[in-house]
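Before any comments, here is the structure.
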Amino acid sequence: MSFDLAFYVVSAVVLILFVGLPLMAAAGAIPAALLSAPPNRHESISRRFVVVGLFVSFASLLLMGLGAWLGHEDSRYGALESFGILLITLIGAGLLVAGLGPLPSWLLEIAGPYAERLPLPFRLAARDLADRRVRAVLAITLAMMASAFGIALMVIAVGQTTLSRAEYSPRARPGTLLVQPNLLFAGPFSAADAATVRAVIERDLPGVPIAQIERPSAESRFFAVRAENVEITEEAVYGNQAIGDEKLLRYLTGDQSTPYDEGTVVVITSAEVKVDSVELSYEINENDKTTTTRTVPAVGARAADPRMETIFVPSKIVRDLGYQLQPEELIVDPTLRRVTVQEQKRLDDRLDDAVAKAYVERGFEASTGWLIVVAVALLVALVCALTAGFGRAANARQARVLRRAGNGSGAAFRWFCAFRAGLSALCGTVLGAVAGCPAGMLLLWPLTVRTTWEEPVRVPFETPWPAIVAVIAGLPVLAAVLGVLLAREQSHVPAPAASRP
């Protein structure tokens, strides 16, 4: 078997396992709902279906809880293990939906007695859904499945956003334009590439000073700088040292009046420490096995941001030690110029993708693509709920009763349609929330499990309760409004009287 064929076979198997098994489990809600639905409202649902369904749902919660527990805290797994944990939790989510299958019929049954205390159009709407139990139950079950998917995705997306915000590490001061070598060609810019990139920046942002981070071109030659009683934070963008000129120094401090001396090192820190000198460690020749140390004068300066803490070394000091320097990153200081989104896009278009990439630090930006998927899922749930009674007028007897109640107007019939659509949507969204909330909250853990040796970031996940409540309350109201707007009463023509002999 060729490599390509084997790859496609493995991908198909993974897709079937990852998508097919959870979908098959969730699809079990449809036969469960149809089998549990009695033919008319005069028959009661078998309690055996409800008990078995609740037992399946409880067992699925335990299965999802196992997957969440395995992915909890600082656990780390290989790719295959994490896939297995996620698959277990997804199957549990599908079984949870399947276990709730008998509940739509049961909800319609218990809604009948409560509706008897309501005005006539509402009573007749509840009876209408119960009379056509099979059709109503199928529509509500489909609405439940769609709304459960939408709510679960909402919970997962908001939780993932919370985690991503906690893990986010800025690469520069807010508003800074960085132009760095493309990741596929990691390393400092060559002299020609640096000149080309600088020319592109100067053409799009004329007159703006461009700072640059430099590093020794011979990476095998060791170079380091150390200041006593100074600890650079692990979150610092540039680590223990940043080599450059006065424009880089003033970018790091955020103060254009910071004094610059090409023979003096500047320790940039947020701590209150006094610094008079630093120690440079370097190799005179590339093949040296020992390092030479030198003490050079230094001063302290306040960092513009804790992540900008570093030890600034003027380029001249490093060149005087025999090192050749190359630009590693070009910087436009936000104090001097804020780069817009349009300017960044224009720079990206003009830069050669094989050489450099422009980036503007704008802080954490949450993804919003999931909102479209959630909106589509909730729209599907709304349409499914409307099909429970939409498009069918009441039978002849109900139509006459509604006409008498409305004194010949269609007001009573429109109330009838509104309550019928709203009740079916309410049943679907409530059950969808019952399934979607725990599914989303438990799926978050295996979805965020680490497959590397990096220390996982674990923060309390946010759950969008206001949005969930808005869905549960808003979809039935919207369905009721659509039921009124789209109501079409069918005229029931009485049978002609028999002619006299």
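The range 259-295 and the range 328-386 have Cα centres lying 39 Å from one another. For the peptides 155-163, 313-321, the ranking by mean Cβ contacts within 10 Å, running from highest to lowest, is 155-163, 313-321. What FRET efficiency do you get for Arg294 and Gln342 if R0 is 45 Å and r is their Cβ-Cβ distance, rounded to the nearest 0.05? With a Förster radius of 45 Å, E is 0.40.
Normalised per residue, the accessible area of the range 69-206 is 42 Å², obtained with a 1.4 Å probe and no contribution from ligands, DNA or RNA.
A simple rule links phi to the HN-Hα coupling: the Karplus curve 6.51 cos²θ - 1.76 cosθ + 1.60 with θ = phi - 60°, which for the range 108-119 gives 5, 5, 7, 6, x, x, 5, 5, 5, 8, 8, x Hz, with x for Gly and Pro. Element breakdown for the range 320-384 at a 1.4 angstrom probe: carbon and sulfur atoms account for 57% of the accessible area.
On the range 19-171, 71 percent of the accessible area sits on carbon and sulfur atoms, based on a 1.4 Å probe.
Extension gain, Met24 to Leu485: 0.36 nm times the residue separation minus the Cα-Cα distance gives 162.3 nm.
Between Glu231 and Glu43, the C-beta separation translates, for a Förster distance of 60 Å, into a calculated FRET efficiency of about 0.20. When all protein chains stay in place and ligands, DNA and RNA are ignored, the 1.4 Å accessible-area order of Phe223, Phe149, largest first, is Phe149, Phe223.
The packing ranking, built from the mean of other Cβ atoms within 10 Å per residue, places the peptides 274-283, 235-244 in the order 235-244, 274-283, highest first. Shown are Asp204, Asp305, whose ranking by accessible area with a 1.4 Å probe and every protein chain present, most to least, is Asp305, Asp204. Model label points for Leu35 and Asn285, set 7 angstrom from Cα along the Cα-to-Cβ axis, are 8.5 nm apart. For the range 204-345, the Cβ-based charge dipole about the Cα centre amounts to some 200 debye (Lys, Arg positive; Asp, Glu negative; other atoms uncharged). Of the residues Met144, Pro119, Pro38, the one whose Cα sits farthest towards the positive end of the charge dipole of the range 35-170 is Pro119 (charges of +1 on Lys and Arg Cβ, -1 on Asp and Glu Cβ, taken about the Cα centre).
Largest to smallest in accessible area, the residues Thr269, Thr292 fall in the order Thr292, Thr269 (1.4 Å probe, all protein chains included). Among 355-363, 190-198, 475-483, sorting by the average number of other beta carbon atoms lying within 10 angstrom of each residue, highest first, gives 475-483, 355-363, 190-198. Using the Cβ-Cβ distance between Leu80 and Ala470 with R0 set to 45 Å, the FRET efficiency from 1/(1 + (r/R0)^6) comes to roughly 0.70.
In this structure, the pairs whose alpha-carbon distance is over 31 Å, taken from Lys247/Lys289; Lys316/Lys345; Lys247/Lys357; Lys247/Lys274, are Lys247/Lys289; Lys316/Lys345.
The values are calculated or read from the model by the stated rules, or taken from the named source; none is laboratory data. This one's a predicted model, so the numbers in the text were calculated from it and none came from an experiment. Note that we place each Cβ from the backbone using ideal geometry, even for glycine, and neighbour counts take in every protein chain shown. Surface accessibility is based on the protein's heavy atoms, side chains included, excluding ligands, DNA and RNA. Shrake-Rupley method; radii C 1.70, N 1.55, O 1.52, S 1.80 Å.
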